[in-house]
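The values are calculated or read from the model by the stated rules, or taken from the named source; none is laboratory data. Here the structure is a predicted model, which is why all the values come from computation and not from measurement. For neighbour counting, all protein chains shown are included, and Cβ atoms are generated from backbone atoms with ideal geometry for every residue, glycine included. With ligands, DNA and RNA removed, areas are computed over all heavy atoms of the protein, side chains included. Shrake-Rupley method; radii C 1.70, N 1.55, O 1.52, S 1.80 Å.
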Amino acid sequence: MAVWGYVAIDKGGKEIKGSKDADNKDLLLRDLKNQGLIVLELKEQNALTRDIDLDIGGKPTSRDMAVFCRQFASITRAGVTIIETLNMLADSTENKKMQKALYAVRADVEKGESFADSLSGHPRVFPELLVQMARAGEASGSLDTAMERMAIQFEKSAKTQALVKKAMIYPIVVALIAVVVVIVMLVFVIPRYMDMFEQLGTELPAITLAVVGLSNFIKNNWYILVPAVAGIVFALKAYGKTSSGRHLFGKLQMKIPAVKNLVVKSASAQMARTLSTLLTAGVPLIEAVDIVSDTMTNIWFKEALKEAVEQVMIGVPLSQPVQTCGLFPPMVYHMMRIGEEAGSTEEMLNKLADYYEEEVEMAVQSLMAAMEPMIIIVLAGIVGILIAAVMAPMVTMYSALDNL
């Protein structure tokens, strides 16, 4: 997703500048026009021309957004004005980036702008999903209800994200510890044993020579290896942000057996929950599906839903393109088709979301249960090789002494 810098004129005739993430220029132009802006200039930004963000604090998490939405709904339901509510929430928010955005939103609302339009001016803090829900809530006179629904949405999203991260953290931490232990063994421990055996004149076995060779290579070339590894990691991250990289890594996620199940079920839960939330708030189906597509993390699911938007625009039921894309499980499009025929799409999507959120939790537990023995086997193999490299010369030396 590229970053675009733009110059535009707002509804009050004031020239404004800003930057926004978007997949392509046409989508961004449509989004800016929907906000009532007249675009004068639009250019893709690179690392040198991109706006520098000196804000302290990272982007608000799903849990931060859930707390904000729930507090907003509770305070406004008590009869407090939106301006005062925003002021109270900004004062109590710990995330500096979100706090700054809330003060700016409050200032825009004081000038007469709608709450949704004020939120849309800060796309790096408030997602499009929240903006559309706020717009629907304002139009129907039930902003507090819309924000409460968004609180539930963000809470569910935070729970799913936490489960996925939990599954990834364990193997990553173990792998890092294993790498550190192996490097310490190769650089500090193994060479001392080898010096001792060489002084005794013991002929070293092949496995020991191989480990010693690897140890010497790391010791003599560490200043090349460290930047090389860092360069590879940086290159992979940069490539992962390109279109071809996102397609490649997205395809790999759906090809690896241990990960595919989790990726598909997570995408199904996210799609169903988000779409149900938008439709319940009264957002039109075409617009809702378009918003849902932007929330998908895997580009294959994102593009499948973008194509579904075009199909829905010509009168095709949503369940049909969801089925033909071949990415979602059969239960997803079967339940959607039943909902379309019965006129209860939102209810069916809610049930789908509940089901697949439970499935995600089970998939995480299954993935961790499968990975634990695999990690133990790999670590045992590495440790076994190092022990064999140390013990083999000792066995050879003892055998030579026995033959004397």
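Points to keep in mind about this one:
- If the condition is being of a type in the set (S, T, N, Q) and within 22 Å of Lys96 (Cβ to Cβ), then region 115-156 contributes Ser118, Ser120.
- Verdict on Ser266 being in contact (Cβ under 8 Å) with a residue 60 or more places away in the chain and assigned to a helix (DSSP H, G or I): yes
- Of all residues making up region 66-117, the number that are over 18 Å from Met150 (Cβ atoms) and of a type outside the set (A, V, I, L, M, F, W, C): 18
- Among helices (runs of 4 or more DSSP H) entirely within region 81-141, having at least 2 residues that are closer than 21 Å to Val289 by Cα singles out 115-120, 128-140.
- Met368 vs. criteria of a type in the set (A, V, I, L, M, F, W, C), closer than 30 Å to Pro284 by Cβ and in a helix (DSSP H, G or I): no
- Top-ranked residue in region 280-296 [being at pLDDT 85 or above and farther than 17 Å from Ser157 by Cβ; ranked as least open to solvent (accessible area, probe 1.4 Å)]: Val289
Yes or no, residue by residue, for (1) closer than 30 Å to Val184 by Cα; (2) of a type in the set (Ser, Thr, Tyr); (3) out of contact with any helix residue (DSSP H, G or I) (no Cβ under 8 Å at 6 or more places or on another chain):
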residue	(1), (2), (3)
Asn298	no, no, no
Pro317	no, no, no
Val322	no, no, no
Leu327	no, no, no
Val332	no, no, no
Leu352	no, no, no
Gln365	no, no, yes
Met374	yes, no, yes
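- Scanning region 297-313 for residues that are surrounded by 20 or more Cβ atoms within 10 Å (Cβ to Cβ) and polar (S, T, N, Q) turns up just one, Asn298.
- Any hit, region 117-134, residues being over 23 Å from Ala269 (Cα atoms), open to solvent by 40 Å² or more (accessible area, probe 1.4 Å) and among the charged types (D, E, K, R): yes
- In region 356-382, the residues that are open to solvent by 40 Å² or more (accessible area, probe 1.4 Å), of a type in the set (Asp, Glu) and at pLDDT 80 or above: Glu358, Glu361
- Among residues of region 308-326 that are at negative phi, those with a Cβ under 6 angstrom from a residue that is part of a loop (DSSP other than H, G, I, E, B) and surrounded by 14 or more Cβ atoms within 10 Å (Cβ to Cβ), sequence gap 6+ or separate chain, pair up as Val312/Leu318; Val322/Phe328.
- Restricting the first member to region 138-159 and to residues that are over 11 Å from Thr277 (Cβ atoms), and the second to residues that are among the aliphatic types (A, V, I, L, M) and surrounded by fewer than 18 Cβ atoms within 10 Å (Cβ to Cβ), no beta-carbon pair is closer than 6 Å while six or more apart or on different chains.
- Residue within region 203-221 that is at pLDDT below 90, open to solvent by 70 Å² or more (accessible area, probe 1.4 Å) and in contact with a Ser or Thr (Cβ under 7 Å, 6 or more places away or on another chain) present: yes
- Close pairs (7 angstrom Cβ cut-off, 6 or more residues apart or separate chains): open to solvent by less than 60 Å² (accessible area, probe 1.4 Å) and among the hydrophobic types (A, V, I, L, M, F, W, C) in region 335-355, modelled with pLDDT of 90 or more and not in a helix (DSSP H, G or I) anywhere: Met336/Leu318
- Out of Lys265, Lys251, Lys237, Lys255, sole residue that is crowded, with 16+ Cβ neighbours inside 10 Å, over 30 Å from Val395 (Cβ atoms) and at pLDDT 85 or above: Lys265
- Yes/no for Ala353 being part of a helix (DSSP H, G or I), touching a Pro at 6+ places or on another chain (Cβ under 9 Å) and over 15 Å from Val263 (Cβ atoms): no
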